[in-house]
Amino acid sequence: MKIVMIQDKFFDPSRVDDIYFDRGLYFGDGVYEVLRSYKGKIFALDDHLARFERSMKEISILGLDINKVRERVEGAFAKAAIPDAKIYFHVTRGSGPRGHSWDDEMKPNFFLTVSELDDSSEIKEKGVAVSLYPDLRWKRCDIKSLNLLANVLANQDAVKKGCFEAILVNDDGYITEGSSSAFFSINDGKLITTPLAKNILPSITRKYVLKAAKTIGLEVIEKLLRPEEVKAFEETFIGVTTRDIVPVVEFDGVTIGNGMVGKLTKSFIDTFEIFTS
């Protein structure tokens, strides 16, 4: 490597911080997690750490001990002193000369932020609109990879349409999930959601939604749905780590139910609050 340019300035490569050569920047070569706290208590930390550890193993990042990650998360959360916080962290394979293969001795790079969460009470009361977008993601969405360009494009399309979220539809015409959420529908007293597979993220919120369904007394059906089916259903909502249950009252331009947050969706919101208390 002869020179480095950052913006319009030239630098000697030996004097440039290694973070500029991070494989996360070059390739999205890393994995991440997002979790949150409620009233000073981190929610589902063990679940998130287990998923993070699995993601690391799936892409062979082996140089970071999960107990050390726990220490960093808990330490940063305590230092930030934000009762209702969003905690984001990621690990990349490390820094080095750009090349598709890697050195097994490469030291992983870890990054973490703690920030205050926005109030989500209004969207829970009024519900949100969602739009459809083709699922252009890679085939291993069960790994929480830093490769999120397809998700970003989908969500930006939704925002341009005045919607809160993009619901992804695969090449066969079936709904997979949201660009950053799990997707649920309610019809005939049953909760319907996409079954987990390699193209679906094992959402932590999804896990607790299914637990809430048992508490409420709803049968859970895991099956693929087409958008036209959902448009005729009684209620729909999405599950997002930073906001938990978000009611959907408009689906790709079609009003769901009576256009208001449904009774059973409210039950899910109330039950989820019990889990987080």
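The numbers here are math on the coordinates, done by the rules we state, and not lab data. None of the values given here were measured: they were computed from a predicted structure. Every residue, glycine as well, gets a Cβ built from its backbone with ideal geometry; the counts of neighbours run over all protein chains shown.
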Partners for residue 263 among lysines (Cα-Cα distance below 29 Å; same-chain residues under 8 apart left out): 39, 41, 86, 124, 126, 161, 190, 207, 211, 214, 223, 231
Within segment 1-81, which trypsin sites (Lys or Arg not before Pro) sit in a loop by DSSP and count at most 15 neighbouring Cβ atoms inside 10 Å? 2, 39
Which aspartates and glutamates does residue 144 reach when only Cα atoms under 15 Å apart count, and residues fewer than 8 places away in its own chain are ignored? 29, 33, 47, 53, 58, 177
Largest first and in whole Å, what are the equivalent-ellipsoid semi-axes of segment 1-143 based on the Cα gyration tensor, each being the root of 5 times an eigenvalue? 31, 20, 18
In segment 220-249, the trypsin sites (Lys or Arg not before Pro) that sit in a DSSP loop and have at most 11 other Cβ atoms within 10 Å of their own Cβ are 223
Summing +1 for each Lys or Arg and -1 for each Asp or Glu, what net charge is found among the other residues whose Cβ lies under 14 Å from the Cβ of residue 266? -3
What lysines sit close enough to residue 107 to cross-link, taking a C-alpha to C-alpha distance under 16 Å and skipping anything fewer than 8 places away on the same chain? 57, 68
Take the Cα radius of gyration of the chain and divide it by 2.2 N^0.38 Å, with N its residue count; two decimals is plenty. 1.09
Please check which bits of segment 16-31 a label hung off residue 4 would reach, taking the label as a point 7 Å along Cα-to-C-beta and the cut-off as backbone N under 17 Å. 16-27
In degrees, nearest ten, helix 204-216 long axis to first principal axis of the chain (Cα): 20 degrees
Among residues other than residue 128 whose Cβ falls under 14 Å from its Cβ, what is the net charge (Lys/Arg +1, Asp/Glu -1)? -4
So for the pair residue 71, residue 100, with labels modelled 7 Å out along Cα→Cβ, what separation do we get in nm? 3.8 nm
Return the whole-Å distance between the Cα centroid of segment 32-105 and the Cα centroid of segment 158-184. 26 Å
Dividing the convex hull volume of the alpha carbon atoms of segment 121-276 by its residue count, what do you get in Å³ per residue? 102 Å³
For the chain, what is the calculated [θ] at 222 nm in deg cm²/dmol (nearest 500), taking -39500 (n - 2.57) for each run of four or more DSSP H residues and dividing by its residue count? -9000 deg cm²/dmol
